[in-house]
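Some notes on the structure that comes next.
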Amino acid sequence: MSFPESSRRRRAPDHVTDLVDSVKQYARQETIDPIRGAARWVAVGTLASVCLGLALVFFSLAVLRLSQFIGGESLSESWSFIHYFITFVIVAALVALSLSRIQQRSLSKEM
């Protein structure tokens, strides 16, 4: 079975157009799409870290006020540092727990 000559051979401009389209599609697939994915990953990570930071500040203030309320007058003057020490220990434990739960350390999907 033979095909007409026009369907077997394409003109040179068609080949160039196909080549340019293929190069554009490959460049978009290998550069622009991963950059967009990385930007999205960084944006979500930044928003999450800001929210966690604010939550940690408010939580530490709540722990400090609770410690001061429970301690009352018995831990005043020279023993007032105990409230801050208790707050530091609790917040340090919470930060250590948070850092231990972080699993993905890079953008690559192989890890």
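The values are calculated or read from the model by the stated rules, or taken from the named source; none is laboratory data. As the structure is a prediction and not an experimental result, all values here were calculated from the model. Cβ atoms come from the backbone with ideal geometry, glycine included; neighbour counts cover every protein chain shown.
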Original post:
Does ALA48 qualify as being out of contact with any strand residue (DSSP E or B) (no Cβ under 6 Å at 6 or more places or on another chain), over 20 Å from LEU99 (Cα atoms) and of a type in the set (A, V, I, L, M, F, W, C)?
Top reply: no
Original post:
Does SER60 fit the bill of being surrounded by 10 or more Cβ atoms within 10 Å (Cβ to Cβ), modelled with pLDDT of 85 or more, hydroxyl-bearing (Ser, Thr, Tyr) and over 30 Å from THR87 (Cβ atoms)?
Top reply: no
**OP:** Might you let me know whether segment 8-20 holds any residue that is in a helix (DSSP H, G or I), at positive phi and modelled with pLDDT of 80 or more?
**Re:** no
**OP:** Sort through ILE70, ILE32 and tell me the only one that's of a type outside the set (Phe, Trp, Tyr), out of contact with any strand residue (DSSP E or B) (no Cβ under 9 Å at 6 or more places or on another chain), assigned to a helix (DSSP H, G or I) and under 30 Å from THR87 (Cα atoms).
**Re:** ILE70
